[in-house]
2 protein chains.
Amino acid sequence: MSIPCSIGLLPNKPPTDVGSLIEKADLDGHDFVVVPIANPSFRRVLNENNEMSPEEHAVWKDRPVFDRKDLILNSAEWSGKVLGLFSDWIQLDSPNHNIRTCSELALKQEAEWASHINLTGIIFPVLDKQVHNTARVINSISTTISPQICIRVPLLQKGAVEDNMTWKTWNRLRTLLGHSNTKVGVALELTSELPSDERLLDMWLAEPVRTLIIPAHVFVSNAKGHPVLTKPHQNFVKKLIHKLEPDIIIHPPSVELYPSATDASFSQYIQYLYRHLPEPDEIEKFASGYFDSLQMPLQPLADNLENQTYEIFEKDPIKYQQYERAVYQALLDRVEYQSDVVTTIMVVGAGRGPLVNCCLRAAEHSLRKVHIIALEKNPNAYVTLQNAKANVWGDKVTLVFADMRKWKPKEKCDILVSELLGSFGDNELSPECLDGAQKFLKDDGISIPTSYTASIAPLASSRLYNNVNAYKSLSSFETPYVVMFRQVCSLADPEDLWTFEHPNKKDIPTDENPVNNLHNERYSRADFIIQHDMIMHGIAGYFDCSLYKDITISINPETHSPGMFSWFPIFFPVHQPIQITKESMVSIHFWRLTDQQKVWYEWSVAVNNKEGEETYVSSLHNPGGRSYYVGL
Amino acid sequence: MSIPCSIGLLPNKPPTDVGSLIEKADLDGHDFVVVPIANPSFRRVLNENNEMSPEEHAVWKDRPVFDRKDLILNSAEWSGKVLGLFSDWIQLDSPNHNIRTCSELALKQEAEWASHINLTGIIFPVLDKQVHNTARVINSISTTISPQICIRVPLLQKGAVEDNMTWKTWNRLRTLLGHSNTKVGVALELTSELPSDERLLDMWLAEPVRTLIIPAHVFVSNAKGHPVLTKPHQNFVKKLIHKLEPDIIIHPPSVELYPSATDASFSQYIQYLYRHLPEPDEIEKFASGYFDSLQMPLQPLADNLENQTYEIFEKDPIKYQQYERAVYQALLDRVEYQSDVVTTIMVVGAGRGPLVNCCLRAAEHSLRKVHIIALEKNPNAYVTLQNAKANVWGDKVTLVFADMRKWKPKEKCDILVSELLGSFGDNELSPECLDGAQKFLKDDGISIPTSYTASIAPLASSRLYNNVNAYKSLSSFETPYVVMFRQVCSLADPEDLWTFEHPNKKDIPTDENPVNNLHNERYSRADFIIQHDMIMHGIAGYFDCSLYKDITISINPETHSPGMFSWFPIFFPVHQPIQITKESMVSIHFWRLTDQQKVWYEWSVAVNNKEGEETYVSSLHNPGGRSYYVGL
């Protein structure tokens, strides 16, 4: 089994000999060690008590250079096995000008040395509440040195009024850095107490947690006297490993806690956890390699899908099973047992034929007689359909090569079956296609699907923000993406936006094409109460679809069809990360708009505080479909 | 006298004949009239009471076209003399899908017609509290039609809890439009009552008020029975005319208020106001043509100033008067009456010699003997100095061609005089220059200036935001500009940031050049309590300088030297407009930073609500001087 993360050792006191520390740690099962760059003696450069003469100090300030004896990491030989620690006496936000200036010089000196000896990462000490100058200095060094900088952030701060005080401080720093500084991450430090609310733990899944520090005192002793983590700690650590794959650093105590609490015992426990991570489920196996990557939504109406795309989606174990159940139930409801009536089923957008097979199986299973008409506009898929008819289906299936919005059938059908949904339900233009196709359907006919609903939830994800930002354009922040979420945190449960129902007799004159598409426009608002201070990077979108009566397919997290992998959620970014203070209400306004050539979405976000005052309103995203639209 | 704005007439009921309305209005002193585009009959397209058959309505929705009888403005012949009004029954944010959709179609129809007949502007009715869909539709039409769209906004809303409710609604709309939509402005409507707080009136100076509507009932009758505005109304209207030059629209009553309240009497009163606008002061005359335009700050250390630049600044009536007073006072303090002592005055950065003349006048006036050494590094200015010496000054002045940071004098001076200040005090590197020059100064010598302080205030200005945004780059939002403010509103009074004092014996060893420039770094924070909901587009910067003792020059609004025009304020933009809710505290962090080659500023803005919760923090602006710096 491959281990996703490395295990490191942060000794309780600075080593005198780094080489032997590494050897010893290796024997105890550690891949690397964490060591201060400089000795405590280096603090003299602050000159708080005149340790240096004015001249000596002035010379250092002008051209800072290490005295060899100030360094613990005085050689590049161990750099592959070592993470550095910045000195913890550095006070970048001191009100004292001299201490602040000398702290900056000292930090830059340590950072440049760490970069010189090729360290891959350096841990910055726990932040004070004042972080503005700290942010400026970290920003400055992050542009000039090669190592990653991880800010040490305890999960809970002792005595803090709020459980997320440390997150707020980290968030303040990260916002000052401008959100897109990928050189700076988090070294999260586990604490004995955990936040009261699960969502305060989940928030860290949306953050760039590169390292997890586990102090030994967080472990408890099990029945056999071995150090283990409590169940809640275990769950959180497993979730972090599963989603973020951080390196894990064990920080042993300065005194032995109990006989079996050896350095080796801690790392053995972490390795044990690694071996007992949950097996990936079907969806995760399918999505492997796609987590958090941005995919452009398919446009099957404008583009013809490729053979491989059909092949992948036909493998879904759940989707076609649900379609089969829906057709089966519709046949039972529509035709009496032992009747000779032949039910006409029209499959519109038949692709390579999976829904035709569903219908045939449903007919066989229900003992009803059917005739199937399969309509397809993609000439390449149509070849596969012809093969299937010739080799398997025979007379039971009639093939039609046509666009369902324009074809004029000779006879009407009893059941109209389609699979035109996108991740947001209507975003692949199912409503427009079925508006055209419903004239094939008898007045009392059944459309499968019968209805589908789009829903949304505000989402935090530092990773998705940076993936979008990498495109460096306004339009990339106004384009929805299909994304298998992993390093994200939903700020609230999803809320429904709007529903489409089929057939739509209310808006469309019988047997005619719709006069215009105004009835497929939608405007809705969803409100979300956000309990804690949070950051919002965009909007997660889902659909929930009734195929027929209570037979559904859904990717809404609250009703997700187990094991169905055909749809990942959709992600609508926002122009800038939005700061949300606790107990605020986030209102997301969403539009589905159309003109003669296209369909597009617009969205905007408003935040009201608990007094009902509007504290933020975004600009409209994607006005007029300027950045993204779906062609009709 | 030229009249800056046109006067228009908005009749109290729609005209039956636009042509004769224009003729009559012209006779009464109006330049244009304001007329609804469509008749009230056009409302039937909402089909609220089935005025149209379903088929008829469907046809209209598909291809909206005017029936000629629906139009009031049915011809292009008057377009130069007419401003349009959108129908006031249009409800873009109705909860009813049909009313919302038909309202959008009707509004687009009116807008496209107005554009077709070449109107220059259309007024949109007073906004409801719900504005999201309204914003979307206005945004959409503003990109396709040519007329300006002015949103009608009453100054006060009857019965509203807050005096700035209507501004908040406008601000919500404008923010949704994305701040940079210059096609949409404000038609501000004066109300009988005015907001309680002067700043709530001044906020409108920062907004794109294109038109001011004055309803007749706002006028009062004076002793002679003529309609006039009360003093507070007058002051506000004059201020608006002076700064924003809006067109003014008179809206007469539906019944005669009193015999002399004729249409002509209102327009005559406005013309009277125009004639009695305050005369521009010296600074305004000098700044004419520069209001709100962004100028790059001078870099006189890196670049050599041009002759014309010297010539303009030498004309300042106040600055050199203050320098003369300062030298005069220093001479009196330093040398006894009738003493034979010759005081050596060194003018560093003498330019074309204005300070040399100040010193000579001060010596003459004080009856003290002086010798002046004039130092200049600009070879072109040095030619002018040589002419002055040959023709006027003679032996009283010695010229030196050198950079003050490097020159080594033979003798030291008693008084060191310089004029190196920029709009922000230290931004043209006065501290660095005087650090080098102070070694010319005797131990008990006097530097003129003695000290200078930079101060800042948060600023709103839609116009400045758009001027910066026109550059379409991040760096333009991280560059300070020298600006003569006009269409701005200061959110609070300025606060001091930091001070430089000269000579600086504390940080610089006597007679030597400074070892490094760390002592000229600064970091400070200024806090501002903002009383009302506001928007912030950037930071205004000023300086206040003590030349000698209480003899000062200042551009800080609270202490501005009357009539001194040499410096306009400086403006530091912020990346995005910042929404501020009432009673919040805006904290501006500011840094002055240096390295071997350059000096630059960084800044960031945080907002805390009245509970002390941080509701906003900006990213660092101009980190590392990436967008703007001053070369050493």
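Summary table
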{"read-out": "Selection count where residues are assigned to a helix (DSSP H, G or I), open to solvent by less than 40 Å² (accessible area, probe 1.4 Å) and away from every other protein chain (no Cβ under 13 Å), scope the stretch B:161-203", "value": "5"}
{"read-out": "Residues of the stretch A:335-360 classified as surrounded by fewer than 17 Cβ atoms within 10 Å (Cβ to Cβ) and on the phi < 0 side of the Ramachandran plot, total", "value": "6"}
{"read-out": "The stretch A:146-160 residues that are open to solvent by 50 Å² or more (accessible area, probe 1.4 Å), paired with ones that are charged (D, E, K, R) (beta carbon under 8 Å, 6 or more apart)", "value": "A:Q148/A:K183; A:Q148/A:R210"}
{"read-out": "A:V400 of a type in the set (A, V, I, L, M), open to solvent by 10 Å² or more (accessible area, probe 1.4 Å) and part of a strand (DSSP E or B)", "value": "yes"}
{"read-out": "Failed condition for A:S554, given (1) in contact with a Ser or Thr (Cβ under 6 Å, 6 or more places away or on another chain); (2) polar (S, T, N, Q); (3) within 13 Å of chain B (Cβ to nearest Cβ)", "value": "(3)"}
{"read-out": "Lone unmet requirement of (1) open to solvent by less than 30 Å² (accessible area, probe 1.4 Å); (2) assigned to a helix (DSSP H, G or I) for A:A374", "value": "(2)"}
{"read-out": "Extreme residue, surrounded by the fewest Cβ atoms within 10 Å (Cβ to Cβ), among residues of the stretch A:122-145 that are within 14 Å of another protein chain (Cβ to nearest Cβ) and among the charged types (D, E, K, R)", "value": "A:K129"}
{"read-out": "Sole exception among (1) open to solvent by 60 Å² or more (accessible area, probe 1.4 Å); (2) away from chain B (no Cβ under 14 Å); (3) at pLDDT 95 or above; (4) within 37 Å of the chain's Cα centre (by Cα) for A:G84, by number", "value": "(1)"}
{"read-out": "Complete set of residues in the stretch B:383-432 that are within 30 Å of B:F543 (Cα to Cα) and β-branched (V, I, T)", "value": "B:T384, B:V400, B:I415, B:V417"}
{"read-out": "Single residue of the stretch A:595-632 satisfying the filter (within 11 Å of chain B (Cβ to nearest Cβ) and among the β-branched types (V, I, T)) that is most open to solvent (accessible area, probe 1.4 Å)", "value": "A:T615"}
{"read-out": "Scan of the stretch A:60-89 for residues that are of a type in the set (D, E, K, R) and farther than 15 Å from A:P147 by Cα, ordered by number", "value": "A:K61, A:D62, A:R63, A:D67, A:R68, A:K69, A:D70, A:E77, A:D88"}
{"read-out": "A:D544 being buried (at least 17 other Cβ atoms within 10 Å of the Cβ), more than 12 Å from every other protein chain (Cβ to nearest Cβ) and of a type in the set (D, E, K, R)", "value": "yes"}
{"read-out": "Selected residue (only one of B:I529, B:I553, B:I578 is part of a strand (DSSP E or B), open to solvent by 30 Å² or more (accessible area, probe 1.4 Å) and at negative phi)", "value": "B:I529"}
{"read-out": "Close pairs (8 angstrom Cβ cut-off, 6 or more residues apart or separate chains): outside the structural domain of B:W407 (by the TED database) in the stretch B:505-521, among the polar types (S, T, N, Q) and part of a loop (DSSP other than H, G, I, E, B) anywhere", "value": "B:H519/B:N504"}
{"read-out": "Residue check for B:G29: more than 22 Å from B:S87 (Cα to Cα) and assigned by the TED database to the domain that holds B:Y269", "value": "yes"}
{"read-out": "Count of the stretch B:244-260 residues which are touching a Ser or Thr at 6+ places or on another chain (Cβ under 7 Å) and crowded, with 19+ Cβ neighbours inside 10 Å", "value": "4"}
{"read-out": "Residues within the stretch B:265-306 that are under 22 Å from the mean Cα position of the chain (by Cα) and closer than 30 Å to B:A402 by Cα, tallied", "value": "4"}
{"read-out": "Residues located in the stretch A:302-353, provided they are among the basic types (K, R) and under 29 Å from A:K442 (Cα atoms)", "value": "A:K319, A:R325, A:R334, A:R352"}
{"read-out": "Criterion violated by B:T344 - all others in (1) in a strand (DSSP E or B); (2) modelled with pLDDT under 95; (3) of a type in the set (S, T, N, Q) satisfied", "value": "(2)"}
{"read-out": "Extreme residue, most open to solvent (accessible area, probe 1.4 Å), among residues of the stretch A:40-81 that are more than 23 Å from A:V137 (Cβ to Cβ) and either of a type in the set (A, V, I, L, M, F, W, C) or not in a helix (DSSP H, G or I) (or both)", "value": "A:E77"}
{"read-out": "Yes/no for B:V126 being over 18 Å from A:Y523 (Cα atoms), in contact with a Lys or Arg (Cβ under 7 Å, 6 or more places away or on another chain) and in a loop (DSSP other than H, G, I, E, B)", "value": "yes"}
{"read-out": "Among the candidates B:F565, B:F571, residue that is surrounded by fewer than 24 Cβ atoms within 10 Å (Cβ to Cβ) and of a type outside the set (V, I, T)", "value": "B:F565"}
{"read-out": "Some residue of the stretch B:236-243 being out of contact with any helix residue (DSSP H, G or I) (no Cβ under 8 Å at 6 or more places or on another chain), surrounded by 15 or more Cβ atoms within 10 Å (Cβ to Cβ) and farther than 22 Å from B:V35 by Cβ", "value": "yes"}
{"read-out": "Set B:K319, B:K315: member being out of contact with any Leu (no Cβ under 9 Å at 6 or more places or on another chain), open to solvent by less than 60 Å² (accessible area, probe 1.4 Å) and assigned by the TED database to the domain that holds B:D414", "value": "B:K319"}
{"read-out": "Residues (open to solvent by 70 Å² or more (accessible area, probe 1.4 Å), in contact with a strand residue (DSSP E or B) (Cβ under 9 Å, 6 or more places away or on another chain) and farther than 28 Å from A:W60 by Cα) located in the stretch B:464-515", "value": "B:L474, B:D493, B:E495, B:D496"}
{"read-out": "Hits in the stretch A:94-104 (condition: open to solvent by 30 Å² or more (accessible area, probe 1.4 Å) and in contact (Cβ under 8 Å) with a residue 24 or more places away in the chain)", "value": "A:N98"}
{"read-out": "Failed item in (1) crowded, with 21+ Cβ neighbours inside 10 Å; (2) touching a strand residue (DSSP E or B) at 6+ places or on another chain (Cβ under 6 Å); (3) more than 8 Å from chain A (Cβ to nearest Cβ), with B:H589 passing the rest", "value": "(3)"}
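Each row is one residue, and each column tells you yes or no for (1) touching a helix residue (DSSP H, G or I) at 6+ places or on another chain (Cβ under 8 Å); (2) at pLDDT 95 or above; (3) in the same structural domain as B:A135 (by the TED database).
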{"site": "B:K168", "(1), (2), (3)": "no, yes, yes"}
{"site": "B:N171", "(1), (2), (3)": "no, yes, yes"}
{"site": "B:H179", "(1), (2), (3)": "yes, no, yes"}
{"site": "B:G185", "(1), (2), (3)": "no, yes, yes"}
{"site": "B:A206", "(1), (2), (3)": "yes, yes, yes"}
{"site": "B:V209", "(1), (2), (3)": "yes, yes, yes"}
{"site": "B:L212", "(1), (2), (3)": "yes, yes, yes"}
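The values are calculated or read from the model by the stated rules, or taken from the named source; none is laboratory data. All of these numbers come straight from a predicted model, not from anything done at the bench. Quick reminder, even Gly has a Cβ in these numbers, built from the backbone with ideal geometry, and neighbours come from all protein chains shown. All accessible areas refer to the heavy atoms of the entire protein, side chains included, with ligands and DNA or RNA removed. Shrake-Rupley method; radii C 1.70, N 1.55, O 1.52, S 1.80 Å.
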